[in-house]
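The values are calculated or read from the model by the stated rules, or taken from the named source; none is laboratory data. Computed from a predicted model, the values in this text were never measured in an experiment. All Cβ positions, glycine included, derive from the backbone under ideal geometry; neighbour counts span all protein chains shown. For accessibility, only protein heavy atoms count, side chains too; no ligands or nucleic acids. Shrake-Rupley method; radii C 1.70, N 1.55, O 1.52, S 1.80 Å.
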Amino acid sequence: MLEIRNLHARVEGNEILKGINLRVNPGEIHAIMGPNGSGKSTLAGVLAGKDLYEVTEGEVLYRGRNLLEMDPDVRACEGVFMAFQYPVEIPGVSNTYFLKAALNAIRKYRGENEYDAVDFLSLVKDKMKLVEMDPSFLNRPVNDGFSGGEKKRNEILQMAVLDPVLSILDETDSGLDIDALRIVANGVNALHNEENAAIVVTHYQRLLNYIIPDFVHVLVDGRIAKSGDKELAFQLEEQGYDWAKDLHQPAPEAV
Amino acid sequence: MKKEQMKVYQKQFSAFEATLNGASEGRVHQLRRDAMQRFVEQGFPAARDEDWRYTNLNPLTGTTFVPAFRPVADQSLRDQAAAQALPLTHAVTLLFVDGYFVPELSDLDAIPEGMTVRDLSAVIDEDPSLTDSVVTESGTLSRHPFTALNTAFTQQGISIHLRRGVIAEIPLRLLFHSTSGTQPHIAHPRIVVRLEERAECRIFEEYVADNSAVYFNNVVVDVHIAANAVLKHVRLQEESENAFHVSTVYAQIAQAGVYENHYFGLGASLLRSNLHGILQGEGAHCTMNGLFLPFGTQHMDHFTVIDHAVPRCTSHELYKGVLSDETRGVFTGRIIVRQDAQQTNAMQSNNNLLLSDTARVDTRPQLEIYADDVKCTHGATVGRISKEQLFYLLSRGINRQQAQNILTFAFAGELVSRIPDTTLSDLMHDRIHKRLEASWKTT
């Protein structure tokens with residue numbers, strides 16, 4: 001589904017990603033862990049199409065096509081979804097309006113009928129149960145005045161409504177208490193199936209108690225220093241990232 | 001050029017006098033003569049005048065306008081106006097064509113009980129004792145040459161009077177339609193609104209025109225709000241793209257009275273809107289909301305004054321501009337708190353969104369506070385579409401054009417939702433939406 005080959009990227013002249021290789025197949029959940037500044041969020045941002053990042057080398061194939069050539073909205077229409085580390089507040093735009101516009105944009109792109117207000121509302125109310133969100137959130141402006149936990153749940157709600165093929169969760173666990181963490185993780189697990197895939201970017205192991213990854217990759221200084229299964233996450237938890245920083249093995253090829 | 005221009009207006013004034021026959025001897029006409037003299041002495045405002053600093057009037061003063069003809073009442077005029085206007089069905093509509101009130105084409109039968117609507121010239125002719133309350137030349141406005149010019153030619157216009165305690169449920173719409181003629185024409189409509197104690201009504205003033213008509217609408221609105229009366233005044237200015245529009249609203253608000261002004265500016269090549277609210281009685285309130293959306297090369301200048309003359313009054317002002325292409329916007333927000341006006345509460349903000357690199361806006365909050373126990377806040381911003389918000393929408397599959405529209409409307413929509421009439425608010429919503437989409441397309 002996703003194939004990242006020798007990806008290099010920089011931000012304002014600083015090279016952050018220095019040769020990432022990663023392969024994600026349908027049905028898989030990959031966790032990307034790493035210390036602050038290792039390039040985790042840069043990787044997520046490059047995949048989502050944030051123009052802050054400049055790709056200098058390498059390629060990313062998504063379902064056989066060059067992902068980096070697609071505009072961010074096209075990526076979303078093609079099924080790529082990023083849950084933001086810091087969801088953006090949009091005063092003046094209601095959550096319903098926003099979600100409906102997004103869903104219909106994607107459906108239109110796929111040549112499907114657009115949802116009318118009634119159908120949309122029943123769909124979105126159904127999905128809200130998944131993230132234990134009160135329907136009153138629908139009339140509130142997007143993320144405006146939401147708590148940290150509410151914002152993250154709103155991200156998962158969007159994910160549930162838009163039903164992506166590839167989800168990238170950028171530090172979705174940051175700033176969450178244990179209840180919110182459980183709700184968010186339950187949402188992600190419920191949406192996971194054999195056809196889709198997720199990349200879970202996180203600093204801490206604790207999210208992985210709830211979302212069980214098939215693979216864990218440790219990102220250090222812009223490269224994947226080590227890959228393994230979920231046991232690797234426990235190892236990191238015990239030994240800290242300093243241990244990983246000392247790894248001198250070359251970046252492993254795609255798993 | 002200035003002298004020649006004055007000669008043109010003087011000539012028009014003489015011609016106007018000649019049409020008045022016997023009516024040129026009364027007290028009203030003395031006011032007209034005085035006003036004309038003042039106008040001739042002052043001339044049009046110069047760029048060195050601080051209050052006109054950002055607006056070049058040359059395109060206006062350099063155009064020779066002929067007085068508009070009184071239209072012949074024909075149903076087709078109403079149809080033409082309706083074709084341009086908002087499809088509002090629940091209002092009582094009074095039609096004005098080229099500045100002239102056309103009673104034959106107005107819904108005079110539907111005027112609510114307790115409200116009197118009359119042609120201003122008839123009121124002036126019949127009852128000279130009303131002169132002072134009808135044709136005010138009070139305060140700073142008397143020094144305003146456009147008001148003087150309007151007063152000099154005062155005849156076209158209307159007097160609206162609401163009796164004590166009357167609450168008019170149905171809004172009144174004043175629909176001004178300007179037609180295209182062979183020569184640029186000038187009109188001086190005068191609207192006088194008087195609310196007696198505890199009276200309440202909503203007035204929707206709407207300006208529309210034939211496409212690309214060239215004319216100058218020099219409008220003056222006098223508003224008198226008695227104690228505990230409430231006027232909610234919504235104005236939509238959608239003049240032709242070649243039109244000149246100068247409007248001056250002067251509202252005097254008595255004790256515990258409320259005046260709300262909601263302005264929406266879409267049209268005219270050159271606009272100057274003067275809005276003065278005078279809080280004259282304790283506990284009075286004034287709201288000024290405005291949204292201006294110039295595109296192409298339109299120039300829109302908004303000059304607002306809220307005068308807190310007595311204690312314990314409140315005012316709330318929010319103006320927003322969305323500027324595209326090579327447009328120019330100006331906002332001046334003057335708040336005067338007189339020495340006696342203790343415990344004043346005044347809030348003002350002006351926020352502007354620039355959609356292009358070539359648009360420009362000048363914003364000037366001006367606070368003159370002479371009392372010490374007051375609460376005054378003001379703020380002004382000029383910004384662009386947030387990149388973070390834009391990316392957030394894009395990342396959810398919404399294309400760039402739609403995302404820009406959504407964010408622009410998110411900025412502007414607040415003012416639409418404050419319109420004190422849900423039907424009108426919905427219609428305005430659609431109109432503004434359309435306009436914003438068009439703005440992005442040309443930027």
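Each Cα pair under 8 Å and six or more residues apart adds its sequence gap; the mean of these over the residue count of segment A:1-71 is a relative contact order of 42 percent.
Give me the net charge of B:Gly165's neighbourhood, meaning all other residues with Cβ under 11 Å from the Cβ of B:Gly165; Lys, Arg count +1, Asp, Glu -1.
Working: positive: B:Arg163, B:Arg164, B:Arg198; negative: B:Glu196, B:Glu197, B:Glu200.
Every neighbour counted, the sum reads 0.
Centre-to-centre separation between the Cα atoms of segment B:356-386 and those of segment A:55-93: 38 Å. With the highest mean first, a sort of the peptides A:120-130, B:248-258 on other beta-carbon atoms found within 10 angstrom per residue produces B:248-258, A:120-130.
Among B:Gly265, B:Ala15, B:Thr408, pick out the residue whose Cα is farthest towards the positive end of the charge dipole of the protein assembly as shown, where Lys and Arg carry +1 and Asp and Glu carry -1 on C-beta, about the Cα centre. The listed residue farthest towards the positive side: B:Ala15. Centre-to-centre separation between the Cα atoms of segment B:401-443 and those of segment A:5-22: 41 Å. Measuring how big segment B:301-443 is from its alpha-carbon positions, Rg and Dmax come out at 18.0, 57 Å.
Of the accessible area of segment B:288-443, computed with a 1.4 Å probe over protein heavy atoms only, carbon and sulfur atoms account for 47 percent. P(r) tail, segment B:184-331: Cα-Cα pairs separated by more than 25 Å, 29% of all pairs. Shown for chain B: lysine pairs separated by 8 or more places, or found on different chains, whose C-alpha atoms are under 27 Å apart, numbering 11. Each residue was assigned an accessible area with a 1.4 Å probe, and for A:Arg182 the value is about 80 Å². For chain A, the longest principal axis of the Cα atoms and the long axis of helix A:230-239 meet at an angle of about 70 degrees. Around the Cα centre of segment B:2-281, unit charges on the Cβ atoms of Lys, Arg, Asp and Glu (plus for the first two, minus for the last two) sum to a dipole of about 760 debye.
Accessible area buried by the pairing of B and A, both sides summed with a 1.4 Å probe, works out to roughly 1800 Å². Taken over segment B:2-281, the percentage of Cα pairs per 5 Å bin, counting from 0 up to the bin with the maximum distance, is 1, 5, 13, 17, 20, 18, 14, 8, 3, 0, 0.
Mind running the shape call on segment B:53-96? Use the C-alpha gyration tensor, a ≥ b ≥ c as the square roots of the eigenvalues: rounded below 1.5 for a/c, prolate if a/b tops b/c, oblate otherwise. Oblate. Overall size of chain A from C-alpha positions, given as principal axis extents largest first: 57, 38, 36 Å.
Tell me, what is the percent relative contact order of segment B:289-443, built from C-alpha pairs under 8 Å that lie six or more residues apart? Computed value for segment B:289-443: 22 percent relative contact order.
Relative contact order, percent, of segment B:2-281 when contacts are C-alpha pairs under 8 Å separated by at least 6 residues?
16 percent
If the chain linking A:Arg23 and A:Asp134 were pulled fully straight, counting 0.36 nm for each residue of separation and taking away their Cα-Cα distance, it would gain 36.2 nm. Heavy-atom accessible area for B:Arg334, with the other protein chains in place and a 1.4 Å probe, reaches approximately 40 Å².
Each Lys and Arg Cβ is given +1 and each Asp and Glu Cβ -1; about its Cα centre, the protein assembly as shown then shows a dipole of about 1060 debye. Reported value for segment B:193-234: 60 Å³ per residue, from the convex hull of its C-alpha atoms. Within the protein assembly as shown, antiparallel bridges make up roughly 15 percent of the DSSP beta bridges whose residues both belong there. So what's the back-of-envelope 222 nm ellipticity for chain B, counting only DSSP H runs of four-plus at -39500 (n - 2.57) apiece and dividing by all residues, rounded to 500? It lands at -8000 deg cm²/dmol.
Taking the Cβ of B:Thr332 as the centre, find all other residues whose Cβ is under 13 Å away and add up their charges (Lys, Arg: +1; Asp, Glu: -1). Please list the in-between numbers first.
Details: positive: B:Arg53, B:Arg272, B:Arg334, B:Arg364; negative: B:Asp49, B:Glu50, B:Asp51, B:Asp301, B:Glu317, B:Asp362, B:Glu368.
That works out to -3.
Here's the picture: charge each Lys and Arg Cβ at +1 and each Asp and Glu Cβ at -1 in segment B:2-281, and of B:Leu172, B:Leu95, B:Pro59 the one pushed furthest to the positive end of that dipole is B:Pro59. Looking at the calculated P(r) for the protein assembly as shown, what percent of the C-alpha pair distances fall above 46 Å? Counting every Cα pair in the protein assembly as shown, those more than 46 Å apart make up 35 percent.
Comparing the full protein assembly with the isolated chain (1.4 Å probe, heavy atoms, ligands and nucleic acids excluded), the residues of segment B:389-410 losing at least 40 square angstrom of accessible area are B:Gln389, B:Phe391, B:Tyr392, B:Leu394, B:Ser395, B:Arg396, B:Gly397, B:Ile398, B:Ile406, B:Ala410. A straight line joining the Cα centroids of segment B:85-118 and segment A:39-54 runs 60 Å.
Annotation for B:Lys3 and B:Lys441: the two label points, set 7 Å from Cα along the Cα-Cβ direction, are 5.0 nm apart.
Nearest-5 percent of antiparallel DSSP beta bridges in chain B?
Working: 7 of 141 bridges.
The antiparallel proportion sits near 5 percent.
For chain A, the longest principal axis of the C-alpha atoms and the axis of helix A:95-109 are separated by about 70°. Look at the dipole of segment B:2-281 built from charges on Cβ: of B:Val234, B:Pro184, B:Phe146, the Cα furthest out on the positive end belongs to B:Phe146.
Remark: segment A:82-155 carries 48 Å² of accessible area per residue (probe radius 1.4 Å; ligands, DNA and RNA excluded).
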